[in-house]
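Student: Next up is a structure, given as structure tokens.
Throughout, read-outs are computed from the coordinates displayed, never taken from laboratory work. Keep in mind it's a predicted model, so treat the numbers as computed, not measured. Here the Cβ positions follow ideal geometry from the backbone for every residue, glycine too, while neighbour counts run over all protein chains shown.
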């Protein structure tokens, strides 16, 4: 089965957000970079996705004009098989990614990137619904703490556990970078 790694929204735009913290970033980037390096070594194409959204102005970090729609500085440099820009949560909406996957005979998608519960999870669900086999590489996804509607804290570990629970055996195989590379 021909596979493809998708690296979703690993971009400097997030550093400009008030919720950005770097405390859990090194562990995520270690897994993300190992996954990219392992896929390249195995000849698995790596596709890069950038999120662009909102007003096209320098003060919007998700606008090309801001200069922040570029890879996180700590992400390993790699030549992407293809790069797509999205303005929806799913990397498969309005980007040309689905066409590229079909043209390249991809049947299995390996999901990684930022944010665990948003664009990564949405892309995994969408890909599964389209008939792709999906590996969701939990340690190679990243997010930040959030707040419940009542203002109480929702921790990263809880967000990741919830994402794994709702995707597992329904939409994706939940795995680590090492497990994804072992396949």
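Student: How large is log10 I(q)/I(0) at q = 0.09, 0.16, 0.19 Å⁻¹ when the Debye formula is applied to the Cα atoms of the range 3-182, each weighted equally and without solvent?
Tutor: -0.29, -0.95, -1.37
Student: If you average 1/r over every pair of different alpha-carbon atoms in the range 1-48 and take one over that average, what Kirkwood value in Å do you get?
Tutor: Evaluated over the range 1-48, this radius sits at 12.2 Å.
Student: Assuming a viscosity of 1.567 mPa s and a temperature of 4 °C, what translational diffusion coefficient in µm² per second does Stokes-Einstein assign to the range 29-80, Rh being the Kirkwood radius over Cα pairs?
Tutor: D = 104 µm²/s.
Student: Expressed in nm², what is the orientationally averaged projection area of the convex hull enclosing the Cα positions of the range 104-183?
Tutor: Mean projected area of the Cα convex hull: 5.6 nm².
Student: Ranking 83, 122, 141, 133 by Cβ neighbours within 10 Å, fewest first, what do you get?
Tutor: Ordered by Cβ neighbours within 10 Å, fewest first: 83, 133, 122, 141.
Student: Same structure again: Between residue 42 and residue 30, what is the label-point separation in nm under the 7 Å Cα-to-beta-carbon projection?
Tutor: 2.1
Student: Then there is this: Over the Cα atoms of the range 54-111, compute the convex hull volume and normalise it per residue, giving Å³.
Tutor: Convex hull volume per residue, Cα atoms: 112 Å³.
Student: Note down the relative contact order for the chain as a percent, whole number, built from C-alpha pairs under 8 angstrom at least six residues apart.
Tutor: 25
Student: Let me ask something else about it. So what's the gap between the Cα centers of the range 116-183 and the range 10-75, to the nearest angstrom?
Tutor: Here the two parts' Cα centres lie 17 Å apart.
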